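The values are calculated or read from the model by the stated rules, or taken from the named source; none is laboratory data. The structure presented is a predicted model; accordingly, all values stated were derived computationally and were not measured. All Cβ positions, even for glycine, are placed from backbone atoms using ideal geometry, and neighbour counts span all protein chains on display.
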Amino acid sequence: MEGCFKSVSRPVDHQGHSDVTPFGVETAKKTRAFHASFPEYSVTPLADLSGLAGALGLGGVYVKDESYRFGLNAFKVLGGSFAIGSYLAGRLGVDISQLPYERMTSKEVREKLGDITFVTATDGNHGRGVAWTANRLGQKSVVYMPKGSALERLENIRALGSDASITELNYDDAVRLANQGAEKYGWVMVQDTAWEGYEDIPRWIMQGYTTLALEASEQLAELQAEKPTHIFLQAGVGAMSGGITGFLRDRYGDEPVITIVEPNKADCIYRSAKAGERFCVTGEMQTIMAGLACGEPCTIGWEILRDHADHYVSCPEYVAAKGMRVLGNPLAGDPRVISGESGAVTLGFVAELMQNPSLDWLREQIGLNGDSRVLCISTEGDTDRENYRRIVWDGAWPSF
């Protein structure tokens, strides 16, 4: 099998320096209230995979299924919508709590704001969320997609009225192209990659993701009295994983072990953790995990992950494929979860960790055993159905 597993752990003398309260429980409650004002809002399922947990020798396995989010088959709309809402609230001089969906989409607000074009770069899911929100507001959106993006994802974005296109650039260069358009034409850039001078919108995006974390914590409380012992989060630029890590530390404290998982070809968080400073990966970053093919860590997300995550893992492609198959073909009594390449990698990693004797060292490092209660987040469904079937049915994917 191609690829390898690489891991580094947080130094015990470097922890807790960055403030997690901007992503904590109180922020999440405000964020969830905003999202709950949308007619499409409903709490996404938390799959209790007790059969799988028994088969793997774990105390519990729980998977938050974001394929049900707002009918868009992925979690990303949570970040884009909250960032746009927060931006508009600032333009209007009100708090986001005073701008629920009904008011945000009103004729009165539309006339006050005038015409706005939102621009972003995306492999698909984030751009679809931004385009969806702009469409609901009667505004415009421009979406740039990196080379190799799926045509299905492009058409899903265009169906929302967006001026979307696939470029010949990698993800990070597509971000730069979006920023150039924002500077040249006065568009509003909605991106989760933060840098000096561009941090408000990425922070709002990260806060938007805490809605799903708050939901999961409440669902876990309904299922069991005890908190999860291990949480696995996938990372692209580190916005989702950073925001949710902040929430988890605020909600549960230091006890849950948080592990960040990335593909070998786009492991900027792992490499940053290994280097002890923010590290950027360059090149095409070819991976089936398109949503994680990012080379430049979000500055805000990286700071949270640096100080509050416990382990950082770089893993081969087949791990995501394994997760897709395991979730899509459940053991008796377990619910089925349709999970895409980026969504399934954490569950695939947990399964491989528990079943592959050559990874005993890594399992012991992370501390998984029969008492462990594991939480993973399936961030997307089959947003590229052709590729989903190719992997799950045929066991085939490109060899990078």
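Quick look at the values:
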quantity	calculated
Single residue of the range 194-226 satisfying the filter (assigned to a loop (DSSP other than H, G, I, E, B) and of a type in the set (D, E, K, R)) that is nearest to the chain's Cα centre (by Cα)	Glu199
Evaluation of Leu151 against (1) over 21 Å from Asp384 (Cβ atoms); (2) out of contact with any Phe, Trp or Tyr (no Cβ under 6 Å at 6 or more places or on another chain); (3) free of Cβ contacts under 8 Å to residues at least 60 places away in the same chain (one fails), failing number	(1)
Count of residues meeting criterion [surrounded by fewer than 17 Cβ atoms within 10 Å (Cβ to Cβ) and not in a helix (DSSP H, G or I)] in the range 44-61	1
Selected residue (only one of Trp302, Trp361 is of a type outside the set (Gly, Ala, Ser) and under 18 Å from Tyr171 (Cβ atoms))	Trp302
Residue count, the range 187-221 (criterion: among the hydroxyl-bearing types (Ser, Thr, Tyr) and surrounded by fewer than 24 Cβ atoms within 10 Å (Cβ to Cβ))	2
The range 147-186 - residue that is modelled with pLDDT of 95 or more, hydroxyl-bearing (Ser, Thr, Tyr) and outside any strand (DSSP E or B) and, of those, surrounded by the fewest Cβ atoms within 10 Å (Cβ to Cβ)	Tyr185
Qualifying residue in the range 96-105 (condition: out of contact with any Cys (no Cβ under 8 Å at 6 or more places or on another chain), among the basic types (Lys, Arg) and touching a residue at least 40 places away in the same chain (Cβ under 8 Å))	no
Residue within the range 306-321 that is closer than 22 Å to Leu49 by Cβ, of a type in the set (Ser, Thr, Tyr) and either touching a residue at least 24 places away in the same chain (Cβ under 8 Å) or out of contact with any Cys (no Cβ under 7 Å at 6 or more places or on another chain) (or both) present	yes
Long-range neighbours under 7 Å by Cβ, at least six apart or interchain, first residue assigned to a helix (DSSP H, G or I) within the range 24-38, second at pLDDT 95 or above and of a type in the set (Asp, Glu)	Val25/Asp250
Tally, over the range 126-169, of residues that are of a type outside the set (Gly, Ala, Ser) and closer than 21 Å to Val109 by Cβ	9
Boolean, Thr287 is hydroxyl-bearing (Ser, Thr, Tyr), crowded, with 24+ Cβ neighbours inside 10 Å and more than 15 Å from the chain's Cα centre (by Cα)	yes
Test for Trp361: is it surrounded by fewer than 17 Cβ atoms within 10 Å (Cβ to Cβ), of a type in the set (Phe, Trp, Tyr), at pLDDT below 95 and in a helix (DSSP H, G or I)	no
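Here is a yes/no grid of residues against (1) closer than 16 Å to Lys6 by Cα; (2) in contact (Cβ under 8 Å) with a residue 24 or more places away in the chain; (3) part of a helix (DSSP H, G or I):
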{"site": "Pro228", "(1), (2), (3)": "no, yes, no"}
{"site": "Phe232", "(1), (2), (3)": "yes, yes, no"}
{"site": "Val237", "(1), (2), (3)": "no, yes, no"}
{"site": "Thr245", "(1), (2), (3)": "no, yes, yes"}
{"site": "Ile260", "(1), (2), (3)": "yes, yes, no"}
{"site": "Ile269", "(1), (2), (3)": "yes, yes, yes"}
{"site": "Glu277", "(1), (2), (3)": "no, no, no"}
{"site": "Cys280", "(1), (2), (3)": "no, yes, no"}
